[in-house]
Amino acid sequence: MGQVRWKIGRQLILGLLLAVTVSGCGLTVKQKAALNSFSAATQEFSTGAQAEFQKNRQDVIEMNRA
C-alpha cells in the first residue's frame, strides 16, 4: 500500500513540475533556470528517497524475521 502511495505521489510531483515547466511563459531567463534547477533537484531527491524507503522497508522485514 505504501509503495502505491509513493508512486502516485511521485507521479503527481513530476506531473506538476512538468506542467509548471511547460507553462513557464512570462518567466525571466533567470527564473526559468532556477525552475529547471529545482526540477532536477526534486527528481534527484525523489529517486534517492525511493531507494532509501525501499532499503528501510527491507531492514524492517529483516528485523521482524529475527
Residue hits (the range 18-53; among the aromatic types (Phe, Trp, Tyr) and in contact (Cβ under 8 Å) with a residue 40 or more places away in the chain) are Phe53
Taking the range 45-63 and keeping only residues that are in contact with a helix residue (DSSP H, G or I) (Cβ under 7 Å, 6 or more places away or on another chain) and aromatic (Phe, Trp, Tyr), one is left with Phe53
Checked the range 1-39 for anything modelled with pLDDT under 75, of a type in the set (Val, Ile, Thr) and more than 28 Å from Arg57 (Cβ to Cβ); matches are Val20, Thr21, Val22
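The values are calculated or read from the model by the stated rules, or taken from the named source; none is laboratory data. The model shown is predicted, which means the values in this text are computed figures rather than measured ones. Neighbour counts are summed over all protein chains in view; Cβ atoms, including those assigned to glycine, are modelled from backbone coordinates with ideal geometry.
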